[in-house]
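What follows draws every value from the coordinates through simple rules; no lab data is involved. Treat the numbers as computed from the prediction; the structure is a model and nothing was measured. Cβ sites come from the backbone with ideal geometry, for glycine too, and all protein chains shown count toward neighbours.
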Amino acid sequence: MDTSSLHRSCMNHSALVLVLLSSLLQGVAQANTTSREQQSVIARWTGENICKMGTERFYALPEDDVRKLFESQTSMRYNDIPLTPSESERNRITSQLTGYISAVCPKELENYRKR
């Protein structure tokens with residue numbers, strides 16, 4: 001194999017690796033997204049518990065307690081909650097959560113916003 005052929009072969013291999021890597025990353029990104037229904041469940045569940053416990057107490061709960069509560073009170077798994085939500089997911093959840101708190105326990109809204 002001459003130098004030119006070797007260079008083309010390496011370039012083709014590099015291009016293939018990039019295509020496979022980008023496909024894999026797209027799959028991972030899609031796997032970490034939540035449906036609008038799931039986003040509503042997350043927002044409502046969070047709002048209900050903030051209204052029951054108060055903002056400070058809710059956010060002070062150990063993660064294991066949050067996991068148990070979430071899984072016992074919803075049909076979702078705790079791992080379904082995105083660790084790094086997209087901007088649209090974050091905005092939708094925050095908007096619904098804020099709306100819920102405003103309607104159900106408006107006194108907690110300021111505490112939530114300060115958090």
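Work through the residues other than SER95 whose Cβ is under 14 Å from its Cβ and net out their charges, Lys, Arg +1 and Asp, Glu -1.
Details: positive: ARG36, ARG44, ARG90, ARG92, ARG113; negative: GLU87, GLU89.
So the surrounding residues net to +3.
Can you list the lysines whose alpha carbon is less than 20 Å from that of LYS68, not counting same-chain residues fewer than 8 positions off?
Of all the lysines, those that pass the test against LYS68 - Cα under 20 Å, at least 8 places apart if same chain - are LYS52.
By the scheme Lys and Arg +1, Asp and Glu -1, what is the net charge of all other residues having a beta-carbon under 12 Å from that of THR55?
Numbers: positive: LYS52, ARG57, LYS107, ARG113, LYS114, ARG115; negative: GLU56, GLU108, GLU110.
Summing Lys/Arg as +1 and Asp/Glu as -1 gives +3.
Where does the range 34-114 land on Rg(C-alpha)/(2.2 N^0.38 Å)?
Rg over 2.2 N^0.38 Å, computed on Cα atoms: 1.03.
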